[in-house]
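What follows is a short report on a single structure.
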Amino acid sequence: MTDTSLPESWRPALEPVLQSPPLRALGGFLQAEERAGKVIYPPRGTRLAALETTPLDAVRVVILGQDPYHGPGQAHGLAFSVQNGVKVPPSLVNIYKELESDIGLPRAAHGNLTRWAEQGVLLLNNALTVEAANAGSHQNRGWEQFTDAAVAAVAARAEPTVFMLWGSHAQKKAARVPGLADGPHLVLKAPHPSPLSAYSGFFGCKHFSQANAFLESHGRGTIDWQV
């Protein structure tokens, strides 16, 4: 697979996966797509940003997305996050609305969630690349094995961690992780924050206050959700 200089903290858990047939096939697929002139998001050098910004031993919260944004200048390797200067996407607008309702945090004017990642919030998509203007185009190409292993590595740690599972896609992914529900972790489930489903239970889920209460009660501090 291309673009994979694994961060040191994740290497023991993920390096064996990189040698697996699905990941080798993924590398060939990405190279072929780029040779064919297709635009792939996020750009090279940012595809592992979630792992680079949030070391394994620093993870306190896991938020799972589906695949990167497929518009120009949006994706930069963190789930739900967009680069500075880019319009805040609808799902993130709804996340900000829930933050305001839950903990009284004013809605941010930008969509860059790097500050969350730097505090131990792993913002991990299911697939880490996508073809421009073609949502879901790199699903089932091998990324799932890699990101499943990342989630499993967090779940295997003894440190109590919060898993925010928004939508059936994230919930199915977490269900593939052995022992997650039986571990020391807090698993929070809600509908996806997209405009299609946010009113079905995402609004009012209070995941952010629940996460901080859990982390604080286990001596892991709290997340400052201001971006």
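The values are calculated or read from the model by the stated rules, or taken from the named source; none is laboratory data. The shown structure was predicted, so the numbers you read here are calculated from the model rather than taken from an experiment. FYI the Cβ positions are ideal-geometry reconstructions off the backbone, even for glycines, and counts take in every protein chain you see. Accessible surface is based on the protein model in full, side chains and every heavy atom, while ligands, DNA and RNA are left aside. Shrake-Rupley method; radii C 1.70, N 1.55, O 1.52, S 1.80 Å.
Label residue 145 and residue 175 with points 7 Å out from Cα along Cα→Cβ: what is the distance between them in nm?
2.3 nm
Using 0.36 nm times the number of residues separating residue 222 and residue 209, minus their current alpha carbon distance, what extension gain do you get?
Between residue 222 and residue 209, full extension yields 3.7 nm more.
Under unit Cβ charges (Lys, Arg +1; Asp, Glu -1), what dipole magnitude, rounded to 20 debye, does the chain have relative to its Cα centre?
340 debye
Provide the FRET efficiency to the nearest 0.05 for the residue 32-residue 58 pair, computing r from the beta carbons and using R0 = 25 Å.
Approximately 0.10, to the nearest 0.05.
Take every Cα-Cα pair in region 1-117 and report what % of them are more than 17 Å apart.
The share of Cα pairs beyond 17 Å in region 1-117 comes to 63 percent.
Between residue 25 and residue 182, what FRET efficiency comes out of the Förster formula 1/(1 + (r/R0)^6) with R0 = 35 Å and r the beta carbon distance, rounded to 0.05?
Efficiency at R0 = 35 Å is approximately 0.60.
Where the centre of each part is set by its Cα atoms, how far does region 167-223 sit from region 112-137, in angstrom?
Taking the Cα centre of region 112-137 as reference, the centre of region 167-223 is 17 Å away.
Which lysines does residue 189 reach when only Cα atoms under 18 Å apart count, and residues fewer than 8 places away in its own chain are ignored?
Answer for residue 189, where 18 Å is the Cα cut-off: 97, 172, 173, 206, listed by chain and number.
For the chain, how big is Rg over Rh, using alpha carbon atoms and the Kirkwood form of Rh?
0.94
Got a number for the accessible area of residue 57? Probe 1.4 Å, square angstrom, nearest 10.
100 Å²
Just to confirm my numbers, what's the Cα centroid distance between region 57-106 and region 140-162 in Å?
Using only Cα atoms, the two centres lie 20 Å from each other.
Which FRET efficiency, nearest 0.05, do residue 189 and residue 39 yield, Cβ-Cβ r, R0 41 Å?
Efficiency, from the Cβ-Cβ distance: 0.75.
What does the accessible area per residue of the chain come to in Å², with a 1.4 Å probe and no ligands, DNA or RNA counted?
42 Å²
From the Cα gyration tensor of region 72-135, with a ≥ b ≥ c the square roots of its eigenvalues, which class applies: rounded if a/c is under 1.5, or else prolate if a/b is larger than b/c, or else oblate?
Prolate, since a/c reaches 1.5 and a/b exceeds b/c.
Checking the a/c ratio against 1.5 first, then a/b against b/c, what shape does the Cα gyration tensor give for region 93-198?
Cα axes put region 93-198 in the oblate bin.
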